[in-house]
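Okay, structure first, notes after.
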Amino acid sequence: MNPVSVTQGSGPVVLGLPHTGTFVPDAIMATLNENGRKLADTDWHIDRLYAGLLPDATTVTANFHRYVIDANRDPQGESLYPGQNTTSLVPLTDFDGAAIWAEPPTATDIDTRRAAFHAPYHAALEAELKRVHALHGCAILYDCHSIRSRIPFLFEGTLPDFNIGTNQGRTCAPAVEQSARQICERAADYSSTSNGRFKGGWTTRHYGQPAQGVHAIQIELAQSTYLQDEAAPWAYDETKAAKLRPHLAEILTTLADLAPTLGGTS
């Protein structure tokens, strides 16, 4: 199994999909406990949800599961949200705080997985951002995510439907965040927030360098917006998705149209 799949497009937008993969090597699967083998914390069907919304977009998809190693975490293991419950580079628990390993990975295991999975994904993502930047004078990284709307271990209450993350505006030009926020706020029957519980993961924070013409934004969707139920078997809901997809397409198209104004300053 190739750890990463790339579909090259000619436009300025690169879609990152770090958490839709479900591949777990047999040797690693054997060390997960019964709870871990459920792979519950997948961004279920997020690749299907975004498919075809922006035909000239580039996509970079991690095929491995986040329990193998999380492609959206600092490779050195630094926490994204110090002082808050979260999951690590190789998570030891699921999003509910329950153990997922019968045999937790060793430091050597983590080093091996970093080289075999995390590094190839980011090498591919960095290469595509450079390629797109060379074509357009800028690149817009849109990191695609989803999560259950109610997870008491990670946040109180019910998560908004659209969760925009730009690390408090540091990872993109103001127009990028503002455009996405306005579209989300106009979307009837959906709730939204910017830089709330989710401020953008390591990918957004690492690559978002607006002064160099690389703009990064993360959208974390509540899975209730497109799944039949936020529980196994995690079935895709065609009716819900058909209502949601036009809003996502509008965001992507609007960001692509912004590209000529987004060159860097250095």
**OP:** Those residues that are charged (D, E, K, R) and part of a helix (DSSP H, G or I), I need them from region 126-147; list them, please.
**Re:** 126, 128, 130, 131
**OP:** Residues that are β-branched (Val, Ile, Thr): find the strands (runs of 3 or more DSSP E) completely inside region 1-70 holding 3 or more of those.
**Re:** 4-7, 58-62
Original post:
Identify, please: which residue in region 125-138 is within 20 Å of residue 202 (Cα to Cα) and surrounded by fewer than 19 Cβ atoms within 10 Å (Cβ to Cβ) and is, among those, nearest to the chain's Cα centre (by Cα)?
Top reply: 126
Subject >> Hits in region 146-179 (condition: farther than 15 Å from residue 212 by Cβ and either in contact with a His (Cβ under 6 Å, 6 or more places away or on another chain) or among the hydrophobic types (A, V, I, L, M, F, W, C) (or both)) >> reply: 147, 151, 153, 154, 155, 159, 162, 164, 175
**OP:** Would you point out which residue out of 154, 262 is at pLDDT below 95, of a type outside the set (Ser, Thr, Tyr) and touching a Pro at 6+ places or on another chain (Cβ under 8 Å)?
**Re:** 262
Original post:
How many residues are in a helix (DSSP H, G or I) and touching a residue at least 12 places away in the same chain (Cβ under 8 Å) when one looks only at region 217-238?
Top reply: 3
Subject >> Residue satisfying all of: in region 132-167; touching a strand residue (DSSP E or B) at 6+ places or on another chain (Cβ under 9 Å) and β-branched (Val, Ile, Thr); nearest to residue 53 (Cα to Cα) among these >> reply: 140
Original post:
Which residues, taken from region 162-201, are buried (at least 20 other Cβ atoms within 10 Å of the Cβ), out of contact with any helix residue (DSSP H, G or I) (no Cβ under 9 Å at 6 or more places or on another chain) and in a helix (DSSP H, G or I)?
Top reply: 177
Subject >> Scope region 92-117; condition surrounded by 17 or more Cβ atoms within 10 Å (Cβ to Cβ), in contact with a strand residue (DSSP E or B) (Cβ under 9 Å, 6 or more places away or on another chain) and under 24 Å from residue 204 (Cα atoms); matching residues >> reply: 93, 95, 113, 117
**OP:** Could you tell me whether any residue of region 228-235 is among the aliphatic types (A, V, I, L, M) and in contact with a Ser or Thr (Cβ under 7 Å, 6 or more places away or on another chain)?
**Re:** no
**OP:** With respect to residue 113, determine if the residue is under 20 Å from residue 37 (Cα atoms) and in a helix (DSSP H, G or I).
**Re:** yes
**OP:** Please find, among 211, 241, the residue that is within 26 Å of residue 123 (Cα to Cα) and either in a helix (DSSP H, G or I) or among the hydroxyl-bearing types (Ser, Thr, Tyr) (or both).
**Re:** 211
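The values are calculated or read from the model by the stated rules, or taken from the named source; none is laboratory data. Source: prediction; values computed, not measured. Here the Cβ is made from the backbone with ideal geometry for all residues, glycine too, and neighbour counts use every protein chain on show.
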